[in-house]
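The values are calculated or read from the model by the stated rules, or taken from the named source; none is laboratory data. Fair warning: this is a prediction, and the values are worked out from it, not measured in the lab. Backbone-built Cβ (ideal geometry, glycine too); neighbour counts: all protein chains shown.
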Ligand SMILES: *Cc1c(COP(=O)(O)O)cnc(C)c1O
């Protein structure tokens with residue numbers, strides 16, 4: 001298992017590097033977020049020993065236990081799952097990033113509950129980029145107003161946008177929603193909200209996301225193996 005995680009991380013770094021080259025992205029401009037939900041702290045510490053620093057979690061209680069037990073590793077924790085309002089305090093206390101903010105009210109709670117001794121919490125707004133009725137995320141039409149209001153909250157640092165587009169196996173189709181997300185980011189940047197992060201791309205569409213300007217790719221299974 002140990003060997004496998006190291007090998008998987010090395011393979012992913014190579015894949016990211018090749019895509020950066022191919023699509024004229026600066027070397028190192030795409031960060032690998034290792035999604036460790038449902039994995040034991042031991043797996044995270046194996047990945048950390050390989051130099052992996054950014055980890056993504058979906059379940060608050062489970063994550064807080066891991067974050068606490070791995071405190072000496074100095075890792076950077078990203079919350080990427082659906083957010084219930086009764087969990088915002090734990091998220092604001094233990095995480096460095098939240099990718100899945102889709103409501104002003106949740107952002108207000110995170111800002112208010114961010115402990116004063118910590119730097120502002122980094123935030124990405126989740127966008128329902130394929131406009132699927134069943135999917136979470138802000139619509140593109142709601143995005144500008146919500147982004148402006150969230151950018152003004154004192155204890156948050158609005159960094160960018162996140163999306164989980166509809167699956168497609170065709171590269172050219174995979175690129176389209178990522179392009180739309182990038183365009184949404186650019187138009188927010190023209191209205192003096194300063195964003196630098198596009199959290200997009202999972203194992204099947206890393207290359208398409210990098211081609212369209214993604215800065216964080218989120219990978220679980222291809223690092224840690226299939227979940228139960
Ligand atoms: C679980 C999850 C991932 C990683 O999924 P894998 O299929 O395990 O690579 C990425 N992003 C989000 C938002 C997730 O919930």
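Would you confirm whether or not the stretch 61-71 contains a residue that is without any contact (Cβ under 8 Å) to a residue 12 or more places away in the chain, over 16 Å from the mean Cα position of the chain (by Cα) and over 26 Å from residue 101 (Cβ atoms)? No: zero hits. Hey, does the stretch 12-26 have a residue that's closer than 29 Å to residue 90 by Cα and within 16 Å of the ligand (Cβ to nearest atom)? No: zero hits.
Return yes when residue 56 is modelled with pLDDT of 95 or more and surrounded by fewer than 14 Cβ atoms within 10 Å (Cβ to Cβ) and no when it is not. Taking the combined requirement at face value, the residue does not satisfy it.
Under the condition of being closer than 19 Å to residue 141 by Cα and at pLDDT 95 or above, the residues counted in the stretch 166-189 number 14.
Can you find a residue in the stretch 45-53 that is modelled with pLDDT of 95 or more, under 17 Å from the mean Cα position of the chain (by Cα) and part of a helix (DSSP H, G or I)? Among the residues of the stretch 45-53, not one is modelled with pLDDT of 95 or more, under 17 Å from the mean Cα position of the chain (by Cα) and part of a helix (DSSP H, G or I), which makes the answer no.
Residue 64 satisfies every condition listed in (1) within 16 Å of the ligand (Cβ to nearest atom); (2) in contact with a helix residue (DSSP H, G or I) (Cβ under 6 Å, 6 or more places away or on another chain); (3) over 22 Å from residue 197 (Cα atoms) except (1). For the stretch 197-211, filtering for residues that are more than 16 Å from the ligand (Cβ to nearest atom) and either at pLDDT below 95 or under 17 Å from residue 126 (Cβ atoms) (or both) leaves 0.
Restricted to the stretch 54-117, the set of helices (runs of 4 or more DSSP H) holding at least 3 residues that are closer than 28 Å to residue 42 by Cβ comprises 60-69, 88-94.
Yes/no matrix, rows are residues, columns are (1) touching a residue at least 40 places away in the same chain (Cβ under 8 Å); (2) out of contact with any strand residue (DSSP E or B) (no Cβ under 8 Å at 6 or more places or on another chain):
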position: 108; (1), (2): yes, yes
position: 113; (1), (2): no, yes
position: 117; (1), (2): no, yes
position: 124; (1), (2): yes, no
position: 128; (1), (2): no, no
position: 138; (1), (2): no, no
position: 144; (1), (2): yes, yes
position: 148; (1), (2): yes, yes
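Does residue 122 satisfy the condition of being in a strand (DSSP E or B), surrounded by fewer than 19 Cβ atoms within 10 Å (Cβ to Cβ) and at negative phi? When the stated conditions are applied, residue 122 passes them.
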